[in-house]
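The values are calculated or read from the model by the stated rules, or taken from the named source; none is laboratory data. Model, not experiment: these values are computed from the prediction. Cβ placement follows ideal geometry from the backbone for every residue including glycine, while neighbour counts extend to all protein chains displayed.
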2 protein chains.
Amino acid sequence: MSYNLSAVGGEAFYDSDNNLVSFFFVLYSIAPGSTIQQKIHDQTCFLKSTMPPVRSPFTRLASSSQCSARCGEVATLHGTIKTPVFMPVGTLATVKAVTPENLVDLGAQIILGNTYHLFIRPGHELIKKFGGLHRFMHWNGPILTDSGGFQIFSLQELAKITEQGAEFRSHLDGARLFLGPEDAVHIQEALGSDIMMVLDTCIPYPANRDEAAKATDLTGRWARRSREVQSKTGQLLFGIVQGGMYPDLRRQAAEELIDIGFDGYALGGLSVGEPKELMQEMLEATVPHLPDDFPVYLMGVGTPEDLVEGVYRGVDMFDCVMPTRNARNGMLFTSSGRLVIKNSRYREDQRPVDEQCDCYTCRNYSRAYLRHLFQCREILAYHLNSIHNLHYYCSLMAEMRKAITEDCFMDFRQAFYSQREQ
Amino acid sequence: MSYNLSAVGGEAFYDSDNNLVSFFFVLYSIAPGSTIQQKIHDQTCFLKSTMPPVRSPFTRLASSSQCSARCGEVATLHGTIKTPVFMPVGTLATVKAVTPENLVDLGAQIILGNTYHLFIRPGHELIKKFGGLHRFMHWNGPILTDSGGFQIFSLQELAKITEQGAEFRSHLDGARLFLGPEDAVHIQEALGSDIMMVLDTCIPYPANRDEAAKATDLTGRWARRSREVQSKTGQLLFGIVQGGMYPDLRRQAAEELIDIGFDGYALGGLSVGEPKELMQEMLEATVPHLPDDFPVYLMGVGTPEDLVEGVYRGVDMFDCVMPTRNARNGMLFTSSGRLVIKNSRYREDQRPVDEQCDCYTCRNYSRAYLRHLFQCREILAYHLNSIHNLHYYCSLMAEMRKAITEDCFMDFRQAFYSQREQ
C-alpha cells in the first residue's frame, strides 16, 4: 500500500559552534481514498561525532574489601565533595528552616535545589540576574539541581508527555507550561548549579513492562538531547537510569547513558512505593553496570537504613526531604531509632534528643524544651529539629566514610543495626 | 442605723521569718429586719516596718544637658544591662524565630518572658525543675518577666478581678485559674527571672476617672502585697504605675509605689489605643515623679519613634512584640522608614533591606531573596526578618546611648526624623 507523505514537522538542534547535533521529526500522510492526515512516524536522530569524551569528576579514595561500598571525591565548580554524601534538599532556594551557616556547621557539603519549583518561583531568569543560585541564596558550596521531571509527574495529574517534552500546569496558578530536555539544561545553566540532572520521565509503581520500556526509551532520547545542548560552563551533567522494576531495562538504560557519556549516573524511579527488597534488587541489578570510575547517585532516598544499604551496594550520593520534613513534624532521628518529640514521656526529660549527638540542638537543649516548643508551634522548634536531623544524616555519612577508609564497613553496618534493636 | 457584723473573711501574710506583714479582710453584716448577708467592707492592712530599704540597681553614667535622656547600667543576677535598652519579647521561652546566639549577635542584652503564658504552658514548676528559665531556654543573659496582668486582661473577656487577685480561664483549655499578686511573685521566683514585675490591673482606654482610680488603688495594694512576699533571691522587683490617662492618678500611683520601695518603676497602661500625644503627656506627668536614681521602664512600647520619644522623656527600658511580629508579617524597619517586603517593587531588588544596616540579614541577603522567601512562606523568611528587625531596634538603642554619652541626643533625634522624611 502506498502512502503519500503530506507533511513533516520537527526541530533541529545546533551546538554553540553552529554544528548540527540532532534533529527530531514527525511524518504525516494521507492514505489513498482518505482526506484525513495521519501521523505515521516520529524519530530523533543524533550525529554522534559531536560528543566530547567525558573525564570523570570522581576520584576513588578507598573501597571496602567485603562489599561495594567506596569512598571518594567529586570535583565541582564550587569545591570538592567527599563521598558517600547526603545532600539536604533546598527546594525553593532554602533548605527549610536553617541558614547556610547552620548547614556548614552541621556538616553539609552540597545541597540540592528543585528546578521545577525555582522555574515557577521566582524563575530562573531572575536568579540568573543575581549571578545564579549560589549568590541568590548565600550558599557558596556545591549545588545539585534536579531536572524538574519528578515534580512535574508527581505534582501534576494532567502532565502530558510527548516526544518533545512535558506539558504541564503550574501548581501555583494553573498556567500552561512546557519543559523539554533542552529547557531543563538551559534552566539549570541559568541557575548555575554545579551538578545538573537530565530531564527524565517518571515510571509509576507498579508499571507493566511495555509502559516501563517506553518511558525508559524516551528518557534515553531526552538524555542524549540534554547532553548535546549543554554549554561549556564547567557544570556537570548526570544521566538518570530509569527502567522501572525490570533489571534488563535498567541495564539497557545504563548502557544507553554510558554510550552518550555523562559526568555521573543517577538511579531514578526508586523509593516510589516498592518494597525495600525490590529497591535493593534494582540497585544490585544496575550499579555493577555503571562505570566504577564515575559517581553514582540514588535519587530521593531515603531513611538512614536506606543510606546504609545504598552505600553497601556502591552508591556515592543521596538526597531526601525526610530529615527536614520529619523535623517539622516532630520526628527526630537518633542512633537508637526514631523519637516523636510531642510524646508526653518527654515532658520533663532533661536529656538531649540523642546522648551520642554533638549537634547544636543536642549540646544546648533538652527533650522537654523541644517538646514545649513543638507543642507551642514555635518556629524555633522547626529550626532546632531540622538542625538535629540534618546533622544526624550528615554524621551518618561521615561515619560511613570513616568505616570505608578503615575497611570496616561491615562492622559499622552491623553496629548500626544492633544499636537500633536495643 | 445599726448593722450586726455577721461574718468576716480574709487572709494573713507572713514573711520568711514568720512575721505578720499584711492581712486582708472582708466584713459582712445582716441589716435589721433582713435575712440577707451583705458585704460591707474590705481592706488590706500592711505593717510597714517590715519593708527593707531598697538599694537601686541603677547607675547613671551620662545625662543629656537638653532633655531628660540618660544613659546608665542596671545590675542583675545575670549581668549588667546598658540603658536605654530594648528588650525583645520571648513569650513562650523563645524569642520567636531566633536562637539565643542570634540575640547575642544582634545586640540584645536582656529579653522578656511572659509569666501568663509560661504559667499555662509548660508551667513554672516544670521550668523550676530545670533550674529556671535561663537554663530551660539556653539564654544566659538577664531576663525580665512580666506579671501576667496584661495578658489576663487582654486575652480574657471573662476575667474577674477581686481584692484577692484575678480569676480567669486558660486561653488553651478553658480551665479556671486564679492569680493573685503573691502568686505572680512566687511564679516569677520559680522562673528565676532577673527582674520581676508586680501583678497590676489593666485600665482600658478610654476609662472614666472613677474606674481608673479604683483600678489604680487596687494595683497599689497588690504592689505592696507583692513586695512583702518576695523572697531574698536577689531577683529585682519593679512596681507598675497605673492611673489611666489622669496625670494626678499617675502621680498618686507613683508616690504610693515609692512609699513601698521597688528596685525599678514601670509605666503600665500606655500604648493601649490612646493618641501618641496623650501617651507622651502621661510620660511627662509621671517620669519626673519617679526617683531619678532608679530604672524607669515603659511597658509594651513601641514603634521606633516611641522609643526615641520615651528616651527623650527619661525612660530607660522598653519592650514590644512589634519588631518580631512585624517581621513575621513581612514589615521591616529601616533607617528611612518601613518596608513591606512582599511589595512587587522588590522583585529584582539586589540591595539589602537597609543599606546602612550591618545585621546578618543585610550583610548576606537581597530584598529580592527575602521577598521570594516571604512569598513562599519559607521559615527562613521569618528568621531573617526577625533578625533584621531586632537588630534595628537594638542598634537604635545603641545609637541613642552613644548620643547621650556624647551629649548630642537632640541632634540625634532631629537626624532620626529627617532621615524618615526623605
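Before moving on, here are some points about what is shown:
- Inside the range B:243-287, residues that are at negative phi and free of Cβ contacts under 8 Å to residues at least 60 places away in the same chain make up a count of 30.
- Set A:Ile240, A:Ile195: member being within 15 Å of the chain's Cα centre (by Cα), within 20 Å of A:Ser154 (Cα to Cα) and in contact (Cβ under 8 Å) with a residue 12 or more places away in the chain: A:Ile240
Here is a yes/no grid of residues against (1) over 29 Å from A:Ile81 (Cα atoms); (2) part of a loop (DSSP other than H, G, I, E, B); (3) in contact with a Cys (Cβ under 8 Å, 6 or more places away or on another chain):
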site: A:Leu158; (1), (2), (3): yes, yes, no
site: A:Glu182; (1), (2), (3): no, no, no
site: A:Glu189; (1), (2), (3): no, no, no
site: A:Thr216; (1), (2), (3): yes, no, no
site: A:Thr233; (1), (2), (3): no, yes, no
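- A residue that is free of Cβ contacts under 8 Å to residues at least 60 places away in the same chain, out of contact with any Ser or Thr (no Cβ under 8 Å at 6 or more places or on another chain) and of a type in the set (Gly, Ala, Ser) occurs nowhere in the range A:97-116.
- Residue among A:Leu199, A:Leu237 that is hydrophobic (A, V, I, L, M, F, W, C), within 28 Å of A:Tyr14 (Cβ to Cβ), at pLDDT 95 or above and assigned to a loop (DSSP other than H, G, I, E, B): A:Leu199
- The set of residues in the range A:243-267 that are farther than 26 Å from A:Ser154 by Cα and under 17 Å from the mean Cα position of the chain (by Cα) contains only A:Asp263.
- From A:Ser68, A:Ser6, A:Ser34, A:Ser29, residue being of a type in the set (S, T, N, Q), modelled with pLDDT of 70 or more and touching a Lys or Arg at 6+ places or on another chain (Cβ under 7 Å): A:Ser68
- Complete set of residues in the range A:226-267 that are among the charged types (D, E, K, R), within 15 Å of A:Pro288 (Cβ to Cβ) and surrounded by fewer than 24 Cβ atoms within 10 Å (Cβ to Cβ): A:Asp248, A:Arg251, A:Glu255
- Sole exception among (1) in a loop (DSSP other than H, G, I, E, B); (2) of a type outside the set (Phe, Trp, Tyr); (3) surrounded by fewer than 15 Cβ atoms within 10 Å (Cβ to Cβ) for A:Arg363, by number: (1)
- Of the residues making up the range B:52-96, those that are of a type in the set (Lys, Arg) and touching a residue at least 40 places away in the same chain (Cβ under 8 Å) are B:Arg60, B:Arg70, B:Lys82, B:Lys96.
- The range B:192-216, residues that are among the aliphatic types (A, V, I, L, M) and touching a strand residue (DSSP E or B) at 6+ places or on another chain (Cβ under 6 Å): B:Ile195, B:Met196, B:Met197, B:Val198
- Evaluation of A:Ser56 against the conditions (1) within 18 Å of the chain's Cα centre (by Cα); (2) of a type in the set (Gly, Ala, Ser); (3) surrounded by fewer than 24 Cβ atoms within 10 Å (Cβ to Cβ) shows that the sole unmet condition is (1).
Condition check ((1) at negative phi; (2) surrounded by fewer than 24 Cβ atoms within 10 Å (Cβ to Cβ); (3) touching a residue at least 40 places away in the same chain (Cβ under 8 Å); (4) among the hydroxyl-bearing types (Ser, Thr, Tyr)) across all residues:
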site: B:Gly314; (1), (2), (3), (4): no, yes, yes, no
site: B:Ser336; (1), (2), (3), (4): yes, yes, yes, yes
site: B:Lys342; (1), (2), (3), (4): yes, yes, no, no
site: B:Arg367; (1), (2), (3), (4): yes, yes, no, no
site: B:Phe374; (1), (2), (3), (4): yes, yes, yes, no
site: B:Asp407; (1), (2), (3), (4): no, yes, yes, no
site: B:Gln414; (1), (2), (3), (4): yes, yes, no, no
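- The range B:139-148 - residue that is touching a residue at least 60 places away in the same chain (Cβ under 8 Å) and outside any loop (DSSP other than H, G, I, E, B) and, of those, farthest from B:Tyr265 (Cα to Cα): B:Ile143
- Per this entry, B:Ala223 is not counted among residues that are within 23 Å of B:Lys276 (Cα to Cα) and either crowded, with 22+ Cβ neighbours inside 10 Å or small (Gly, Ala, Ser) (or both).
- Counting the residues of the range A:88-138 that are buried (at least 24 other Cβ atoms within 10 Å of the Cβ), at the interface with chain B (Cβ under 8 Å from one of its Cβ atoms) and assigned to a helix (DSSP H, G or I) gives 2.
Here is a yes/no grid of residues against (1) polar (S, T, N, Q); (2) more than 27 Å from B:Val287 (Cα to Cα):
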position	(1), (2)
B:Gly72	no, no
B:Gly79	no, no
B:Ala93	no, yes
B:Asn102	yes, yes
B:Ile120	no, yes
B:Lys129	no, yes
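- The lone exception for B:Tyr265 - which of (1) in contact with a Leu (Cβ under 7 Å, 6 or more places away or on another chain); (2) at pLDDT below 95 it fails: (2)
- Within the range A:309-325, being out of contact with any helix residue (DSSP H, G or I) (no Cβ under 6 Å at 6 or more places or on another chain) and outside any helix (DSSP H, G or I) holds for A:Val315, A:Asp316, A:Met317, A:Asp319, A:Cys320, A:Val321.
- Residues of the range A:50-78 satisfying the condition of being within 16 Å of A:Gly264 (Cβ to Cβ) and among the small types (Gly, Ala, Ser): A:Ser56, A:Gly72, A:Ala75
- Considering the range A:304-351, the residues that are of a type in the set (Gly, Ala, Ser) and over 27 Å from the mean Cα position of the chain (by Cα) include one that is nearest to the other protein chains (Cβ to nearest Cβ), namely A:Ser344.
- Residue selected from the range A:224-243 under the condition of a type in the set (A, V, I, L, M) and touching a helix residue (DSSP H, G or I) at 6+ places or on another chain (Cβ under 6 Å), by the criterion farthest from A:Gly192 (Cα to Cα): A:Val241
- Scope the range B:268-277; condition within 14 Å of B:Glu309 (Cα to Cα) and either surrounded by 13 or more Cβ atoms within 10 Å (Cβ to Cβ) or under 19 Å from the mean Cα position of the chain (by Cα) (or both); matching residues: B:Leu270, B:Ser271, B:Lys276
- Some residue of the range A:375-382 being within 9 Å of chain B (Cβ to nearest Cβ), over 19 Å from A:Pro88 (Cβ atoms) and basic (Lys, Arg): no
- Search result, residues across the range A:202-211 that are in a helix (DSSP H, G or I) and without any contact (Cβ under 8 Å) to a residue 12 or more places away in the chain: A:Asp210
- A:Tyr392 more than 24 Å from the chain's Cα centre (by Cα) and part of a helix (DSSP H, G or I): no
- For beta carbons closer than 7 Å, sequence separation of 6+ or different chains, a first residue in the range A:120-134 that is in the same structural domain as A:Met196 (by TED's automatic domain parsing) and a second that is part of a helix (DSSP H, G or I) and β-branched (Val, Ile, Thr), the qualifying pairs are A:His124/A:Ile187; A:Leu133/A:Ile127.
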